[in-house]
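The values are calculated or read from the model by the stated rules, or taken from the named source; none is laboratory data. On a predicted model such as this, the values are computed, not experimentally measured, just so you know. In this analysis, Cβ positions are derived from the backbone assuming ideal geometry, glycine residues included, and neighbour counts consider all displayed protein chains.
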Amino acid sequence: MTASTSAPTAAQRLLQVGLVYAEPEARDSPRGQEILARFPGAEIVEVDSHWKIPELHGNEGNVERWVRVKTETLVLGVKKSLSARPNGRSADFIAPSTSNGCAMACAYCYVPRRKGYANPITVFTNIDKITRYLRGHVKRQGVKPEPDQIDPAAWVYDIGENSDCSVDALVSDNVADLVATFRDLPTAKASFATKFVNRELLDLDPQGRTRVRFSLMPERDARLLDIRTSSIPERIAAIDDFVEAGYEVHLNFSPVVLRPGGDRDWAELLTRLDDELSPATKAQAAVEVIMLTHNRDLHEVNLGWHPKAEDALWRPELQQAKRSQSGMWNVRYRNDVKRAGVQSIQDLIAAHAPWLRVRYAF
């Protein structure tokens, strides 16, 4: 008789780690040992620096293994420099990273631009040092002097600028430790955007001190661009549950990709949100609207593994070059095109989900 097998979970599909690159200090730390225990069969390769791994960084051959590297490889490092950078849009500050990289493979993601042809999860294991730094930074800020679009009372810290915390929580307890840290900080909140529904986060008891921003876009765009993520219906279905569990839940329309028929699909998404979300969710909801910014180097990478995505992302007739703060050449929609796109999304929100406050749109 053939033994029955159950379908793999989303976590198992995302992560089948067989190779771990580890700095010795990270490998030997308590958090590092906890992580390695989750992947007992993995080969461990010692490296001097999590940033200098020739097999990963700058290896053009990895374009052909773009998703496989994300699935099978993990990096453990120690965060050397700790700082909270001022932000002013999504958050007041960008917290020191507890990870970077991702097991998902969104075609527009900016993080791979910095890592060169591979972007598996790197976990920083010195979580105690990071949370201690954050407590001190929050204390030094004192009470927020006046309300702003970020939050009426709390200093908000983005804890997932270069990763997706919902996926990170599958690898380590760093995210749980961050949620617990901010739960005890009455003048601050943690915040992160996510495209993955991890229901284990519902058990962390955030008590209103962590803001989850569920990223949404029309299903037609997500099927093409949001590779290895939770589906749009699954994300929408989770929103009320996260509110009930004590999270503040905002939405993140990012990136908005301009295409024929897009307004119709955005109207359909907004109508669905209006129909399905609870009054409690709507009462605390807000949204960030971010138009697509792309990158020439990432365009070349995508042509090697997902060229169909570039039909939507690479639109030279609509785009202009822009040098980023890091010195890279990005492309974004021309000023007139972007201005019209932002106005269109705002008009659609007003028509189909008037309860949804737009925190900012650019």
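Take the residues of segment 246-267 that are assigned to a loop (DSSP other than H, G, I, E, B) and aliphatic (A, V, I, L, M): which is surrounded by the most Cβ atoms within 10 Å (Cβ to Cβ)?
First pass over segment 246-267, keeping only residues assigned to a loop (DSSP other than H, G, I, E, B): 246-247, 257-261.
Imposing the further condition that a residue be aliphatic (A, V, I, L, M) reduces the set to 257-258.
Numbers: Val257: 23, Leu258: 20.
Among residues in segment 246-267 that are assigned to a loop (DSSP other than H, G, I, E, B) and aliphatic (A, V, I, L, M), the one surrounded by the most Cβ atoms within 10 Å (Cβ to Cβ) is Val257.
Considering only segment 152-161, I want to know if a residue exists there that is surrounded by 18 or more Cβ atoms within 10 Å (Cβ to Cβ) and under 22 Å from Leu273 (Cα atoms).
No, because not a single residue in segment 152-161 is surrounded by 18 or more Cβ atoms within 10 Å (Cβ to Cβ) and under 22 Å from Leu273 (Cα atoms).
Could you list all residues from segment 206-245 that are acidic (Asp, Glu), touching a Ser or Thr at 6+ places or on another chain (Cβ under 9 Å) and surrounded by fewer than 18 Cβ atoms within 10 Å (Cβ to Cβ)? If you could, list the steps in order and put the result at the bottom.
Step one: filter segment 206-245 for residues acidic (Asp, Glu), giving 219, 221, 226, 234, 240-241, 244.
After this cut, where a residue has to be touching a Ser or Thr at 6+ places or on another chain (Cβ under 9 Å) as well, the list is 219, 226, 240, 244.
Correct list: Glu219, Asp240, Glu244.
Within segment 194-205, restricting attention to residues that are acidic (Asp, Glu) and not in a loop (DSSP other than H, G, I, E, B), which residue is surrounded by the most Cβ atoms within 10 Å (Cβ to Cβ)? Full working, then the answer.
In the first step, residues of segment 194-205 are kept if they are acidic (Asp, Glu); the result is 200, 203, 205.
Right, trim to not in a loop (DSSP other than H, G, I, E, B) and you get 200, 203.
Numbers: Glu200: 12, Asp203: 8.
Across segment 194-205, the extreme among qualifying residues is Glu200.
Right, Val331: closer than 23 Å to Gln149 by Cα and touching a Ser or Thr at 6+ places or on another chain (Cβ under 8 Å) or not? Reasoning before the result, please.
Details: closer than 23 Å to Gln149 by Cα: no; touching a Ser or Thr at 6+ places or on another chain (Cβ under 8 Å): yes.
No, not satisfied.
When residues of segment 162-179 are filtered for being modelled with pLDDT of 95 or more, surrounded by fewer than 21 Cβ atoms within 10 Å (Cβ to Cβ) and more than 21 Å from Asp240 (Cα to Cα), how many remain?
3
Would it be correct to say that Ser191 is of a type in the set (Ser, Thr, Tyr), crowded, with 24+ Cβ neighbours inside 10 Å, under 12 Å from the mean Cα position of the chain (by Cα) and closer than 21 Å to Gly136 by Cβ? Even if it seems obvious, please write down each step before you answer.
Details: of a type in the set (Ser, Thr, Tyr): yes; crowded, with 24+ Cβ neighbours inside 10 Å: yes; under 12 Å from the mean Cα position of the chain (by Cα): yes; closer than 21 Å to Gly136 by Cβ: yes.
So Ser191 fits the description; yes.
So, in segment 61-83, of the ones that are outside any strand (DSSP E or B) and of a type in the set (A, V, I, L, M), which residue ends up nearest to Arg228 (Cα to Cα)? Quick ask: steps written out before the conclusion?
Here is the first cut: in segment 61-83, the ones outside any strand (DSSP E or B) are 61-72, 78-83.
Right, trim to of a type in the set (A, V, I, L, M) and you get 63, 67, 69, 78, 82.
Values: Val63: 16, Val67: 9, Val69: 13, Val78: 27, Leu82: 31 Å.
By that ranking, first place goes to Val67.
I'm checking my understanding of the structure. Among residues of segment 52-86 that are without any contact (Cβ under 8 Å) to a residue 24 or more places away in the chain and within 20 Å of the chain's Cα centre (by Cα), which one is surrounded by the fewest Cβ atoms within 10 Å (Cβ to Cβ)?
Pro86
Test each condition in (1) in a loop (DSSP other than H, G, I, E, B); (2) within 28 Å of Ala285 (Cβ to Cβ); (3) of a type outside the set (Asp, Glu) for Gly58 and report the one that comes out false.
Checking Gly58 against (1) in a loop (DSSP other than H, G, I, E, B); (2) within 28 Å of Ala285 (Cβ to Cβ); (3) of a type outside the set (Asp, Glu), the one that fails is (2).
For segment 291-341, which positions are among the aliphatic types (A, V, I, L, M), in contact with a strand residue (DSSP E or B) (Cβ under 8 Å, 6 or more places away or on another chain) and within 26 Å of Asn62 (Cα to Cα)?
If the condition is that a residue be among the aliphatic types (A, V, I, L, M), in contact with a strand residue (DSSP E or B) (Cβ under 8 Å, 6 or more places away or on another chain) and within 26 Å of Asn62 (Cα to Cα), then Leu292, Leu313, Met328, Val331 are the ones that fit.
Can you find, within segment 1-32, the residue that is modelled with the lowest pLDDT among those that are closer than 18 Å to Val175 by Cα and of a type outside the set (Lys, Arg)?
That would be Ala11.
Please enumerate the residues belonging to segment 32-51 that are touching a residue at least 60 places away in the same chain (Cβ under 8 Å) and in contact with a Gly (Cβ under 8 Å, 6 or more places away or on another chain). Talk me through it step by step, then tell me what you get.
Going through segment 32-51, the residues touching a residue at least 60 places away in the same chain (Cβ under 8 Å) turn out to be 32, 34-35, 38, 50.
Scanning segment 32-51 gives a single hit, His50.
Of all helices (runs of 4 or more DSSP H) completely enclosed by segment 268-362, which ones contain at least 3 residues that are closer than 23 Å to Ala193 by Cβ, hydrophobic (A, V, I, L, M, F, W, C) and within 22 Å of the chain's Cα centre (by Cα)? First the steps, then the outcome.
Values: elements: 279-284, 296-305, 307-313, 335-352.
The helices (runs of 4 or more DSSP H) meeting that bar are 307-313.
Just to be sure I understand the filter: pairs with C-beta atoms under 8 Å, separated by 6 or more residues or on different chains, first member in segment 225-237 and closer than 19 Å to Leu270 by Cα, second member surrounded by fewer than 14 Cβ atoms within 10 Å (Cβ to Cβ) and at pLDDT 95 or above. Which pairs pass?
Correct list of pairs: Ile236/Glu276; Ala237/Glu276.
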